[in-house]
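The values are calculated or read from the model by the stated rules, or taken from the named source; none is laboratory data. Please read all numbers here as calculations on a predicted model, not as lab measurements. Here the Cβ positions follow ideal geometry from the backbone for every residue, glycine too, while neighbour counts run over all protein chains shown. Only protein heavy atoms, including side chains, enter the accessible area calculation; ligands, DNA and RNA are left aside. Shrake-Rupley method; radii C 1.70, N 1.55, O 1.52, S 1.80 Å.
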Amino acid sequence: MATMLYRDAVGKALQDSMRHEPRLILIGQNLAAHALKPLALTYGEARVRDTSISESAMVGMAVGAAMKGMKAVVMIAYADIASVCHMAIVQSAAKLHYLTNGRLNCPVIIRLPIARFRGHGPEGNEVGASWFYNVPDLNIAMPGSAHEAYWNFREALTRPTPTLFFEDRSIHSRLGEVADNNPKGKAQITRPGDRLTIVAAGRAAALAEDAADELAKQGDSGALEVVSLGFIKPLDKETVLKSAQKTGRVLIVQDEPEWGGYAPVVRCVLDELPPGALVKIPCIIGGADQYLPYWDERPFLPSLESIVAAAKALLGIGI
């Protein structure tokens, strides 16, 4: 077990993958000369490939490489630029394994950093996971901790279908332990509790952990159980349902508006519980249904304060 920053866990996953996967290539803009220069010096520019500014072509190159038995990581500058290469992701990458009846795999990671709280406004900080949620054979990772960041990345390269890897730069400096066990895409109980389950991913999962710690400071230790999804697609229903049945109350938190993303999917999954399993109607906290402004994004996104308030309301604390 090692302790490291979230961003260092992603970097270590990339480095370890390059070392252990000789047929892995990296595709992106200004990688060899700047962003990933140490890897280019170590493994050569044949494996760290600079491209022109054409995200669709970058994904297409990765799919072509996969058809020849290689693996690839495509480095997209910002998550919402995935809209530019949407067709390449959906029509080429996601469908390759199915269209060839499993004869060809597509172990491709499309790395999509979310540029939170950097003044990018409506261009650069959208999540966009909901744009792809109904695409079969497309994995979506949204790690909320260093442990998930490392192992979700390593796990994605073992899958026969492509993975969208959403990493939130606002938690790059969050410290955490990276254990030796690969959770294999399963959700993690990052804070155990017995009265309320919070289901979240990415930045929202980190906020949920902080909310559990805050309630503990206020005298309600062990009240909140945090389920960090890690992979939001496919969704680990078993862990979600087991935790929900234990606590009887569920709060789902995500940065995207509540009508898309993983929150409504989790809400539907909860309908599989037997009648009476939940003592409260599940609640969703999502981002505002609007573009995020340049001046300040925080009023339009879930916060520690809003999660604590919602948790107290579900628990009946202070009522």
Residue within the range 44-52 that is more than 25 Å from TYR6 (Cα to Cα), open to solvent by 20 Å² or more (accessible area, probe 1.4 Å) and of a type in the set (Val, Ile, Thr) present: yes
Residue count, the range 159-190 (criterion: of a type in the set (S, T, N, Q), open to solvent by 50 Å² or more (accessible area, probe 1.4 Å) and without any contact (Cβ under 8 Å) to a residue 60 or more places away in the chain): 1
In the range 257-288, the residues that are within 17 Å of LYS246 (Cβ to Cβ), open to solvent by 40 Å² or more (accessible area, probe 1.4 Å) and touching a Lys or Arg at 6+ places or on another chain (Cβ under 9 Å): GLU272, LEU278, VAL279, LYS280
Entirely in the range 155-255, the strands (runs of 3 or more DSSP E) that have 1 or more residues that are of a type in the set (Ser, Thr, Tyr): 163-168, 188-191, 196-200, 224-228
Residue that is surrounded by the most Cβ atoms within 10 Å (Cβ to Cβ) [pool: residues in the range 136-150 that are outside any helix (DSSP H, G or I) and of a type in the set (Gly, Ala, Ser)]: GLY144
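Considering every residue within the range 113-130, establish whether at least one is over 25 Å from TYR294 (Cβ atoms), of a type outside the set (Gly, Ala, Ser), crowded, with 17+ Cβ neighbours inside 10 Å and touching a Gly at 6+ places or on another chain (Cβ under 9 Å).
No, the range 113-130 has no match at all.
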Test: residue in the range 90-112 that is within 21 Å of GLU225 (Cβ to Cβ), open to solvent by 40 Å² or more (accessible area, probe 1.4 Å) and not hydroxyl-bearing (Ser, Thr, Tyr): no
Residue list for the range 37-54, filter: over 27 Å from the mean Cα position of the chain (by Cα) and within 12 Å of ILE25 (Cβ to Cβ): TYR43, GLY44, GLU45, ALA46
